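Single-structure report; data block below.
The values are calculated or read from the model by the stated rules, or taken from the named source; none is laboratory data. Owing to the predicted nature of the structure, the values given are computational and were not obtained by experimental measurement. Positions of Cβ are backbone-derived with ideal geometry, glycine not excepted, and every protein chain shown enters the neighbour counts.
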Amino acid sequence: MRHWFNFLFGIWGGLSFFVPFLLFLPLLHLSASRPKWHPYASKLNYAWARLFFWFSFLPLPIVGKTNIPKGKPCVYCANHTSWLDIIAMGLVVEGDYKFMGKDSLAKVPLFGAMFSKLHIMVNRESKISSLRAFLKAKEALRQGQSIIIFPEGGIKGEPPYLSVFKDGAFRLAIEAQVAIVPVTLLDNWKIMDKKFQTAWYPAKIMVHEPIDTKGLTSKDMEALQQQTFNTIEEALAKHYPDYNADKIKQKV
């Protein structure tokens, strides 16, 4: 019986994910066509995420949403284990925002062209591309837009364990003097895997207290990076009783 439930939910969950996306796709491309329309994409991402979780009958409590600074741009740092993380973060962040993501996302059919126009793409192998993306993100923060970064640099490692954090998010937050908001996405990898296969599982998101960067300098970057890593890892370890922080030694 369980096998049939998983099979049927896999089909239903996939439809719940892709059908709203295809319905919103023309509007997403339209919102991407002009910078002044970009904020509408955030609302569409929110609607897409809501429809997916509603139609899939997936509970998604967001714990600690009161920790989000009101009316202030921030750098959101979350662990990354599933494609679902992108739309799930749309339920967390309030107001307008931009993702910073790998330029390889631009090659994803249907999704890539629109995503690359709306958000900030970076080729981490190129110093010029990295600098350009950094300056774009800094300007977005100055204009009041938040930045969402998965500091692991992609879906890597063995979930729920964290991979090494790259330092871009922390350098950005310090230079812009905005808070880092750590976010732990606890269960998305159990709902949708790397191949977009879906399964029913009660998900949960934790938004942690913001980490202030006022007065911090580049000398404080490593400590800020480690604090963010520890905050997310501690939530994972508490959620998963068998979590062994020494199993994969990938500290900052």
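Checking the structure you have, find out if any residue of segment 117-125 is within 23 Å of Asp187 (Cβ to Cβ), in a loop (DSSP other than H, G, I, E, B) and of a type in the set (Lys, Arg). Within segment 117-125 (the criterion being within 23 Å of Asp187 (Cβ to Cβ), in a loop (DSSP other than H, G, I, E, B) and of a type in the set (Lys, Arg)), the answer is no, since none of the residues qualifies. Of all residues in segment 54-79, those satisfying the criterion of being closer than 28 Å to Gln197 by Cα and either crowded, with 19+ Cβ neighbours inside 10 Å or touching a helix residue (DSSP H, G or I) at 6+ places or on another chain (Cβ under 7 Å) (or both) are Phe55, Ser56, Leu58, Leu60, Ile62, Tyr76, Cys77, Ala78, Asn79. Look at Glu139 and say whether it is among the acidic types (Asp, Glu), at pLDDT 95 or above and either surrounded by 16 or more Cβ atoms within 10 Å (Cβ to Cβ) or out of contact with any Phe, Trp or Tyr (no Cβ under 7 Å at 6 or more places or on another chain) (or both). Answer is yes for this residue. Condition first: in contact with a helix residue (DSSP H, G or I) (Cβ under 8 Å, 6 or more places away or on another chain), over 28 Å from Arg50 (Cα atoms) and polar (S, T, N, Q). Can you find one or more residues in segment 172-188 that meet it? No - not one qualifying residue is present in segment 172-188.
Among the conditions (1) surrounded by 21 or more Cβ atoms within 10 Å (Cβ to Cβ); (2) part of a loop (DSSP other than H, G, I, E, B), the only one that Gly153 does not satisfy is (1).
Ile147 meets all of the listed conditions (1) buried (at least 21 other Cβ atoms within 10 Å of the Cβ); (2) touching a residue at least 60 places away in the same chain (Cβ under 8 Å); (3) not in a strand (DSSP E or B) but one, namely (3). Take the conditions (1) among the acidic types (Asp, Glu); (2) buried (at least 18 other Cβ atoms within 10 Å of the Cβ); (3) in contact with a helix residue (DSSP H, G or I) (Cβ under 8 Å, 6 or more places away or on another chain); Glu233 misses just one of them, which is (3).
Among residues of segment 158-174 being of a type in the set (A, V, I, L, M, F, W, C) and not in a helix (DSSP H, G or I), the one that is surrounded by the fewest Cβ atoms within 10 Å (Cβ to Cβ) is Val164. The set of residues in segment 187-199 being crowded, with 17+ Cβ neighbours inside 10 Å and either farther than 19 Å from Lys156 by Cα or of a type outside the set (Lys, Arg) (or both) consists of Asp187, Asn188, Trp189, Ile191, Met192, Asp193, Thr198.
A count restricted to segment 86-98 and to residues that are over 16 Å from Asn188 (Cβ atoms) and surrounded by 17 or more Cβ atoms within 10 Å (Cβ to Cβ) stands at 3. Identify the single condition in (1) at negative phi; (2) without any contact (Cβ under 8 Å) to a residue 60 or more places away in the chain that Glu233 does not satisfy, given that it satisfies every other one. Result: Glu233 fails condition (2) only. Could you check, for segment 99-112, whether at least one of its residues is surrounded by 15 or more Cβ atoms within 10 Å (Cβ to Cβ), modelled with pLDDT of 90 or more and either not in a helix (DSSP H, G or I) or not acidic (Asp, Glu) (or both)? Looking through segment 99-112, at least one residue is surrounded by 15 or more Cβ atoms within 10 Å (Cβ to Cβ), modelled with pLDDT of 90 or more and either not in a helix (DSSP H, G or I) or not acidic (Asp, Glu) (or both). So, Ala78, is that one over 28 Å from Phe134 (Cβ atoms) and small (Gly, Ala, Ser) or not? Spelling it out, it is not the case that Ala78 is over 28 Å from Phe134 (Cβ atoms) and small (Gly, Ala, Ser).
Among the conditions (1) surrounded by fewer than 21 Cβ atoms within 10 Å (Cβ to Cβ); (2) at pLDDT 95 or above, Ser129 misses just one, which is (2). Inspect all residues belonging to segment 175-194 and state whether any of them is over 19 Å from the mean Cα position of the chain (by Cα), assigned to a helix (DSSP H, G or I) and at pLDDT 95 or above. Among the residues of segment 175-194, at least one is over 19 Å from the mean Cα position of the chain (by Cα), assigned to a helix (DSSP H, G or I) and at pLDDT 95 or above, which makes the answer yes.
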